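This report refers to the structure that appears directly beneath it.
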Amino acid sequence: MPPLVIVLLVAVYPLIRVCLESVTGVGTQSSWGSVLSSEAFGDALWRTVAIAATATLGCLVLGTFLAVVLAFVPFPGSRLVGRLVDTVLALPSFLVTLAFTFLYGTAGAVNAAIAGVTGDRAPAVNFLYTPAGVIAAEITFFTPFVIRPLMASFSMLPRAQLNVAASLGASPLRVLRSVVMPEAWPALTAGGSLVLLLTLNEFGIVLFTGAKGVTTLPVLIYTRGIVSFDLPGAAVIATVQIALSLALYGVYRMVFARLMTQRGRAGTDVAVEPSQ
Amino acid sequence: MLLWNRRSRAVLLGVFGIVVVVVFVAPLATVVLAGLAGAWTGALPSHLGVDRLGGALSGENLASLSVSLQTAVVAGGLALVLGTWAALASREAPPWLSRVVDAVFHLPIAVPSVALGLGLVIAFNSAPLLLGGTRWIVILAHAVLVLAFAFSAVSAALDRLDPAYRQAAESLGAGPFRVLTRVTLPLLLPALGAAAGLAVALSMGELGATVMVYPATWKTLPVTIFALTDRGQAFQAAASTTILLLVTLVALTALGRIRSAAAVR
């Protein structure tokens, strides 16, 4: 397996070097003890987890709503929206932050429009350089990662089940709660853990926001490693983050494997249905 | 089928439309408009024109675009070859080994790209693997990051491939190499095209690993865009992002359109 050897060399070996590098700073400012006890690290760790968890929750709510409408309330142009959502997946994340500066910045379009109506000069919308700005940008960028698996699991759901439930008098909300959502849980967990992983690792959005008060672990690795050129210190933070991400990655793979086996079983269910 | 009442359906679709426009359409449209705008002090941009796009296509910005394109093509190509090879080989491998391959190939996108960049800087900064300070470390970083997408796209396509074609060719006496080049790869061509488009698109927009490894002589477009916003030149940054967006979309659609000869017949 030559490809496996190459990938082990260029991906796994550097990560191991990061862990090794982290112990070279013993006795200096960059040792494990002094980095982990520093206020900057504690703040960044807490902020990273809080932003990732909130953004994931937002993505799940927004993604479920959009996926349910796309799958079950068909309208002309729904395919176009689906394509748009797919395209966002391939775009750079910092684009969202850049757009938000023009839209919601203190001198942005929304504030100018509000000022034009009220005549008040002070900016009415001013969340961009707070954690809320980062969370809003991350929700925008990562929601497609929830929509995709949800759409896939909705497409497995026989339409007849919905129609039967509705014809027996169930309200749309009840159909959603007791027919649609039970099928969607595995896809939601898979999409949610993927988004949680990606938001923990997100760098471009936070870097472009550039606010002093909003530093996450990846940005801290960057400033420590490149701006102040303290490789051992950066390696300590990177080791912590790699451990965190790998743990979550393990959970994601487990959830995803279960999703795949369940889908296999669901397939046989559907196959026997018409003969009943 | 979920809503039977015409009014509730209209209300829901209205809400849906507003959400899609605010969340997805507005940011994309804003960047493009800001790239075209001369100034944006009111609610709407003014002095629309293509002057800034000209700026984005000259001097340092053009150089960055060319660097980004070269990086994306070389890194995407490397990732595609390696990913296809691994996907084909892991088919023949015992199950435990293919599980290992799957986990290892997805590893680079599971860890933060900044940490991977840091690792590359540390690991390839001394002989015999001296790549630090050259363009190759940027290309290597991009190749590693897009490898996961190339690998999973080709694997998924292989799963859907009907083995009957391969078996028919084998039963007619074709050797493994002939089966690969005349049957399997042509059938995989659409998936390879789509994977290549995605690889180029992701590489064009990569920032996290690049800022850790790039030398001053090999600045990719996202790095230049970040430098522009850092200096407060947000409009020029938007113009460069618009160009980036255009190139990305062209790569995605052009490479995604490749159809295999078998499908045409």
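A short reminder: the numbers here are calculations on the coordinates, not readings from a lab. Being a predicted model, the structure only gives us computed values, none of them experimental. Don't worry about glycine lacking a Cβ; one is built from the backbone with ideal geometry, like all the others, and counts go over all protein chains shown.
Tabulated data for the structure shown
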item: Exposed-loop-free span, longest in chain A, where trypsin sites (Lys or Arg not before Pro) count as exposed if DSSP calls them loop and at most 10 other C-beta atoms lie within 10 Å; result: A:1-120
item: Pair B:LEU180, A:TRP185: separation of 7 Å Cα→Cβ label points (nm); result: 4.5
item: FRET efficiency for B:ARG231 and A:GLN161, using Cβ-Cβ distance with R0 set to 41 Å, rounded to 0.05; result: 0.10
item: Cα-based shape type of the range A:31-270, given that a ≥ b ≥ c are square roots of the gyration tensor eigenvalues and the cut on a/c is 1.5; result: oblate
item: Histogram of C-alpha separations across the range A:80-196, 10 Å bin width, %; result: 12, 27, 25, 20, 13, 2
item: Whether the range A:1-154 is rounded, prolate or oblate, judged on the alpha carbon gyration tensor where a/c under 1.5 counts as rounded; result: oblate
item: Extension reserve of the A:LEU246-A:LEU8 stretch, reckoned as 0.36 nm per residue once the Cα distance is removed; result: 84.1 nm
item: FRET efficiency, 1/(1 + (r/R0)^6) with R0 41 Å, evaluated for B:SER126 and A:VAL125 via beta carbons; result: 0.25
item: Longest to shortest principal axis, alpha-carbon extents of the range B:51-264, angstrom; result: 65, 42, 25
item: Difference of contour (0.36 nm per residue) and Cα-Cα distance, B:TRP96 to B:VAL50; result: 11.0 nm
item: Given charges at beta-carbon only (K, R positive; D, E negative), |dipole| of the protein assembly as shown in Debye; result: 1200
item: Rough spin-label spacing in nm, given labels placed 7 Å along Cα→Cβ, for A:LEU89 and B:ARG160; result: 1.2
item: 3J(HN,Hα) from dihedral phi, the range B:186-192, Karplus parametrisation 6.51/-1.76/1.60, rounded to Hz, x for glycine, proline; result: x, 5, 7, 3, x, 5, 5
item: Neighbourhood charge, 12 Å Cβ-Cβ cut-off, centred on B:GLU170 and excluding it, Lys, Arg +1 and Asp, Glu -1; result: +3
item: The protein assembly as shown - Rg and Dmax from Cα coordinates, angstrom; result: 24.4, 82
item: Efficiency of FRET from Cβ geometry, A:GLU39 and B:ALA254, R₀ 41 Å, rounded to 0.05; result: 0.25
item: Gain upon complete extension [A:ALA107, A:ARG177; 0.36 nm per residue less C-alpha separation]; result: 20.9 nm
item: Separation of the B:ALA29 and B:SER8 label points, Cα + 7 Å toward Cβ, nm; result: 3.0
item: Sequence-separation-based contact order of chain B, relative, with Cα cut under 8 Å and 6+ spacing, percent; result: 28
item: Helical segments meeting 20 Å axial Cα length and Kyte-Doolittle -0.5 threshold in chain A (DSSP H); result: A:39-72, A:131-155, A:181-201, A:231-272
